[in-house]
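**Student:** Sharing a structure with you now.
The values are calculated or read from the model by the stated rules, or taken from the named source; none is laboratory data. Being a predicted model, the structure only gives us computed values, none of them experimental. All Cβ positions, glycine included, derive from the backbone under ideal geometry; neighbour counts span all protein chains shown.
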Amino acid sequence: MTDATYTGGKEPAKHGLLTVDARTKKRNASEKRFRLYGLAAIGAGVFFLVVLLSAIISNGIGAFQQTFIEVPVYLEEAKLDKTGNRDPAEMAKVSTFGYSPLIQNSLWKVVVDSGAETPLEDGGDVKQMISASAAAKVRDWVLANPDRVGETVDFQILASSRVDGYLKGRVSRESIAQDKNIDAEHLDLVDVLREQGVVHKSFNWEFITGADASESRAEQAGLGVSMLGSLFMMITVLLLALPIGVAASIYLEEFAPTNRFTDFIEVNISNLAAVPSIVFGILGLAAFIQFAHLPQSAPIVGGLTLTLMTLPTIVISTRAALKAVPPSIRDAALGVGASKMQATFHHVLPLAMPGILTGTIIGLAQALGETAPLLLIGMVGYIATNYPEGVFSGFLSPNSAMPAQIYEWAKRADPAYYERAWGGIIILLLFLLAMNLIAIVLRRKFERRW
Amino acid sequence: MPVLWLILIVLALAVAGFIAGRARAISGAGDDRRALHSLPNYYGWNVAMKAMVPAFLALVIWLIAQPFIVNTKATSLLPETAIPEGSTLGLVMSDVRRVADGLDLAVEQGLLGASEAADLTVTGSDIRATLGSAGVAVGSEISPEILAAAQSYRSSNATGNLLRSLVVIGLALVGGALALAQTKPDFRARNAVERGIRAILVGAASLAILTTIGIVLSLVFNTIEFFRIYPASEFFGSFTWSPSFGGGSQLGIWPLLWGTLYISLIALLVSVPIGLFAAVYLSEYAGPKFRSVAKPALELLAGIPTIVYGLFALLTVGPLLLSVFGRDGLGWMQAGTAVMTAGLVMGIMLIPFVSSLSDDIINAVPQSLRDGSYGLGATKSETIKQVILPAALPGIVGAILLAASRAIGETMIVVLGAGAAARLSLNPFDAMTTVTAKIVSQLTGDADFASPEALVAFALGMTLFVMTLGLNVFALYIVRKYREQYD
């Protein structure tokens, strides 16, 4: 071998440890870019989350405030109690039509006292400012306090949804040009009365506890009744899905022999977990309403449908919890003479309980927010204006549910209902948040690592 | 006797059986528990179980079967002529049921005597007014045939209910008594109870199969019913969807399928790149601290109910897109509800789905592969692109297929965000509609259940079920078949 040295051609590229050549630069740049794509993707995800949450909060927070008008209403005896013996049964004959003029005239008096200049002429002209529900509210109060007839009583009366929208910036003088429900003169009046503190916004408990209202009374609608509907549905789901789910998981995890039947069950469960929720709605419609003739729109039907839907979730998480209990526990129990059933129920199940409960709560949260199946079993289109009379009718009489109520509001034409829908979402999300927090706390507190 | 009372009676019998069984076992052993084969409670449970389980099973079966039998009996009383022109047997039967329920209610409220209700004639009294005051509204005049059917309905229901109570309570008594007779010190009560519990566990596990069967049956029967009154060739062959509740509808599935697939495609175009890159960053680059913040934040998106996304599409994203692409902007968009609106929002919803599934899969790729690649001088991104992603590919494809199946079956976003017009168009800013949205609108409309306009929803549901099931099975198959086995 000779010590041949390459002399011809180009000089080899000079690069040492300290200089970076073009190719490495390119590779490093591509590395940096790739990393940035990843960060950008996460940023996009978080950005969407922030936009979503801020849209919910900024649009929905208004639903918790409502505009009220403080009106001293003169309860004229000649109109409300002609005989004068203050008998509620007799006074009940006066319908809300008898009360409306009283309220309107009282409001008109307030307007006159305020000294506002207005082309409007009498009480009938300001009725657009008051909610149509005001008369019923005053009537209920009068029937409960019959001896106050003849006096002048201060009422906080709901303003109509247009006035409410004006105070919240949703309604303006331009937007009502075509609106026959309110005129610009009313808004001028509202401005004056607002200065004097007669018209004011305050926290709206009615939205949280109240019942749904008809299409034209957005200011009165509340989520309370549908919340009860959701509650009864969740009770049904909990009472059915937890025991059935736990029993199924115990069988599959602890007792099932490996054979075709077990395989078949497992395939079924994993497939059911991926079936679209609307298909469960079809099942609920066909099985519980068409076939079993259960009442339409009843929470129990919703609960049964959602039970079938949440079962796979609960089974999957329960099995994971059972699997996490180490075999040594079972072996020890079997070793001191327990039967397999005793080992499972006395030792494995209690240890797996926190995990099972966590999974159940998360399954319930999922069921609480589910809407699509409820549409098919008739929980929309029904206006939930009455509280259920008792536990029984709570399960069996028609009701709505929180997500169904939100959907119903979103479908209505009046934009005042959009605010209610967003507000409903805030409440729904608070419930979900609370349930998930409970699940997390349970897990933190009771979970054991083996 | 109402069902609730029946349940309470059986429960009470079971409790009594428990106490009796336990006491009998102890006294049989001469107060010496050691002489018993099992713990005393097991003897009690044995009696309670044998009293309760057969009785409840019989009750459930009875509750399912009785309406069937009563219905067929009442239906057989209705002659062909009792069904008016343009009505169906189902409608007439619902009238019959309403009349029967109304009469029961009237008796309950004391408006009618029990014998009076049984002897009602159409001409003799104004039944409609009586029913009306009981709170049951009957639409049309009641014909003698309907009244006869309703009376038969009532009487067979009454006998059925009486028999039901007798059978259920009888079963509880007999079962409890037999078990009580078994109770002797050397009776293996624990084994008996455990066999029973095991049977209950198997039953609970089989509910999954029952649910699947229920889904399939409810879809299949109604779909067959649909194809009997509407030709299948039209359903699968027509390119027009124009239901009209007056009849003469054209119910072609293609515009709906197109809308579904188009929206899903856009959703996947949004969610797959974002989800995948996020997963890669989270599993390969992010430190534990960043990961512990970013991962739950992304997963929050998955915990938000779909109705929220639907509202977000309808009220926020739609108007936003309209202001850019609408008449004031580029002029491509007519209204806020469009394929783009629904697709974008659905994409956002699917991001965490894709990212957490892919994250798991990427994490499952063994470290030795990475180390080998780094050892050869590859940068991190080169390792990811050339080693990790190819190794994780089957899993990622599976995740994307699962996301696609989610997108196809998603309902609320498209109901609120996609519009209602069924059309075959390429413009993503047009309103289109999907299979799921039409299932909702056809079944929540005022259509009678027997009309093709309502029944088509079941055929659509069947299509949806088959599509999503196929995608899921295919996804699992791909994951299983192409998964590299590392250990």
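**Student:** From the residues in segment A:386-405 that are surrounded by fewer than 19 Cβ atoms within 10 Å (Cβ to Cβ) and of a type in the set (A, V, I, L, M, F, W, C), which one is nearest to the other protein chains (Cβ to nearest Cβ)?
**Tutor:** Taking the candidates together, the pick is A:392.
**Student:** Just for segment A:255-269: of the residues that are polar (S, T, N, Q) and part of a helix (DSSP H, G or I), which one is farthest from the other protein chains (Cβ to nearest Cβ)?
**Tutor:** A:262
**Student:** Taking segment A:300-353, which residues are β-branched (Val, Ile, Thr), more than 12 Å from chain B (Cβ to nearest Cβ) and under 13 Å from residue A:253 (Cβ atoms)?
**Tutor:** Within segment A:300-353, A:325, A:348 qualify.
**Student:** Spot the failing condition for residue B:250; the list is (1) crowded, with 16+ Cβ neighbours inside 10 Å; (2) more than 25 Å from the chain's Cα centre (by Cα), and only one is missed.
**Tutor:** That leaves (1) as the condition not met.
**Student:** While we're here: I'm trying to understand the selection: among the residues of segment A:184-217, which are modelled with pLDDT of 80 or more, part of a loop (DSSP other than H, G, I, E, B) and charged (D, E, K, R)?
**Tutor:** The answer is A:212, A:217.
**Student:** Is it the case, given these coordinates, that residue B:201 is at pLDDT below 90, within 11 Å of chain A (Cβ to nearest Cβ) and crowded, with 19+ Cβ neighbours inside 10 Å?
**Tutor:** It is false that residue B:201 is at pLDDT below 90, within 11 Å of chain A (Cβ to nearest Cβ) and crowded, with 19+ Cβ neighbours inside 10 Å.
**Student:** In segment B:378-387, which residue that is surrounded by fewer than 22 Cβ atoms within 10 Å (Cβ to Cβ) and not hydroxyl-bearing (Ser, Thr, Tyr) is farthest from residue B:353 (Cα to Cα)?
**Tutor:** Filtering segment B:378-387 for residues that are surrounded by fewer than 22 Cβ atoms within 10 Å (Cβ to Cβ) and not hydroxyl-bearing (Ser, Thr, Tyr), the one farthest from residue B:353 (Cα to Cα) comes out as B:378.
**Student:** What is the residue count in segment A:241-257 for residues that are in contact (Cβ under 8 Å) with a residue 24 or more places away in the chain, touching a helix residue (DSSP H, G or I) at 6+ places or on another chain (Cβ under 6 Å) and farther than 12 Å from residue A:323 by Cβ?
**Tutor:** 6
Yes/no per residue for (1) charged (D, E, K, R); (2) part of a helix (DSSP H, G or I):
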site	(1), (2)
B:186	yes, no
B:205	no, yes
B:211	no, yes
B:226	no, yes
B:248	no, no
B:270	no, yes
B:298	no, yes
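**Student:** Test of understanding: among B:459, B:392, B:437, B:407, which residue is part of a helix (DSSP H, G or I), in contact with a Phe, Trp or Tyr (Cβ under 9 Å, 6 or more places away or on another chain) and crowded, with 24+ Cβ neighbours inside 10 Å?
**Tutor:** Exactly one of B:459, B:392, B:437, B:407 is part of a helix (DSSP H, G or I), in contact with a Phe, Trp or Tyr (Cβ under 9 Å, 6 or more places away or on another chain) and crowded, with 24+ Cβ neighbours inside 10 Å, namely B:459.
**Student:** Quick check on residue B:263: is it at pLDDT 90 or above and at the interface with another protein chain (Cβ under 10 Å from one of its Cβ atoms)?
**Tutor:** When the stated conditions are applied, residue B:263 does not pass them.
**Student:** Among the numbered conditions (1) modelled with pLDDT of 90 or more; (2) within 14 Å of chain A (Cβ to nearest Cβ); (3) crowded, with 21+ Cβ neighbours inside 10 Å, tell me where residue B:226 comes up short.
**Tutor:** (1)
**Student:** From the list A:356, A:362, A:383, which residue is away from chain B (no Cβ under 11 Å), part of a helix (DSSP H, G or I), buried (at least 16 other Cβ atoms within 10 Å of the Cβ) and aliphatic (A, V, I, L, M)?
**Tutor:** Selected residue: A:356, the only one of A:356, A:362, A:383 that is away from chain B (no Cβ under 11 Å), part of a helix (DSSP H, G or I), buried (at least 16 other Cβ atoms within 10 Å of the Cβ) and aliphatic (A, V, I, L, M).
**Student:** Among the residues of segment B:423-443 satisfying the criterion of being among the small types (Gly, Ala, Ser) and under 16 Å from residue B:333 (Cα atoms), which is farthest from the other protein chains (Cβ to nearest Cβ)?
**Tutor:** B:425
**Student:** I've got another one for you. Yes or no: residue A:235 of a type in the set (A, V, I, L, M), part of a helix (DSSP H, G or I) and more than 14 Å from every other protein chain (Cβ to nearest Cβ)?
**Tutor:** Against the criterion (of a type in the set (A, V, I, L, M), part of a helix (DSSP H, G or I) and more than 14 Å from every other protein chain (Cβ to nearest Cβ)), residue A:235 qualifies.
**Student:** What residue, of B:476, B:469, is free of Cβ contacts under 8 Å to residues at least 24 places away in the same chain, farther than 14 Å from residue B:257 by Cα and of a type in the set (A, V, I, L, M)?
**Tutor:** That would be B:469, the only listed residue that is free of Cβ contacts under 8 Å to residues at least 24 places away in the same chain, farther than 14 Å from residue B:257 by Cα and of a type in the set (A, V, I, L, M).
**Student:** Could you pull out the residue among A:283, A:252 that is at the interface with another protein chain (Cβ under 7 Å from one of its Cβ atoms), aliphatic (A, V, I, L, M), more than 23 Å from the chain's Cα centre (by Cα) and buried (at least 23 other Cβ atoms within 10 Å of the Cβ)?
**Tutor:** On inspection, the qualifying residue turns out to be A:283.
**Student:** Take residue B:342 and tell me if it is at pLDDT below 90, within 39 Å of the chain's Cα centre (by Cα) and closer than 28 Å to residue B:266 by Cα.
**Tutor:** It is false that residue B:342 is at pLDDT below 90, within 39 Å of the chain's Cα centre (by Cα) and closer than 28 Å to residue B:266 by Cα.
**Student:** Give me the pairs: first residue in segment B:315-342 and assigned by TED's automatic domain parsing to the domain that holds residue B:419 and surrounded by 24 or more Cβ atoms within 10 Å (Cβ to Cβ), second residue modelled with pLDDT of 85 or more and charged (D, E, K, R), beta-carbon distance under 7 Å, and six or more apart or on different chains, which are they?
**Tutor:** From segment B:315-342, the pairs are B:338/B:430; B:339/B:430.
**Student:** Given B:290, B:277, which one is assigned to a helix (DSSP H, G or I) and either at the interface with chain A (Cβ under 8 Å from one of its Cβ atoms) or under 29 Å from the mean Cα position of the chain (by Cα) (or both)?
**Tutor:** Residue meeting the stated conditions: B:277.
**Student:** Out of the residues in segment A:28-47 that are within 7 Å of chain B (Cβ to nearest Cβ) and aromatic (Phe, Trp, Tyr), state the one that is farthest from residue B:348 (Cα to Cα).
**Tutor:** Residue satisfying both the conditions and the ranking: A:34.
**Student:** Pick from segment A:370-380 the residues that are under 27 Å from residue A:217 (Cβ atoms) and facing chain B (nearest Cβ under 9 Å): which of them is modelled with the lowest pLDDT?
**Tutor:** A:380
**Student:** Okay, next question. Which of (1) without any contact (Cβ under 8 Å) to a residue 60 or more places away in the chain; (2) under 30 Å from residue A:422 (Cβ atoms) does residue B:353 not meet, given it meets every other one?
**Tutor:** Residue B:353 satisfies all of (1) without any contact (Cβ under 8 Å) to a residue 60 or more places away in the chain; (2) under 30 Å from residue A:422 (Cβ atoms) except (1).
**Student:** Something else: Does residue B:45 satisfy the condition of being assigned to a helix (DSSP H, G or I), within 38 Å of the chain's Cα centre (by Cα), of a type in the set (A, V, I, L, M, F, W, C) and more than 27 Å from residue B:198 (Cβ to Cβ)?
**Tutor:** no
**Student:** Which residue, of A:206, A:174, is farther than 15 Å from residue A:65 by Cβ, surrounded by fewer than 22 Cβ atoms within 10 Å (Cβ to Cβ) and among the charged types (D, E, K, R)?
**Tutor:** A:174
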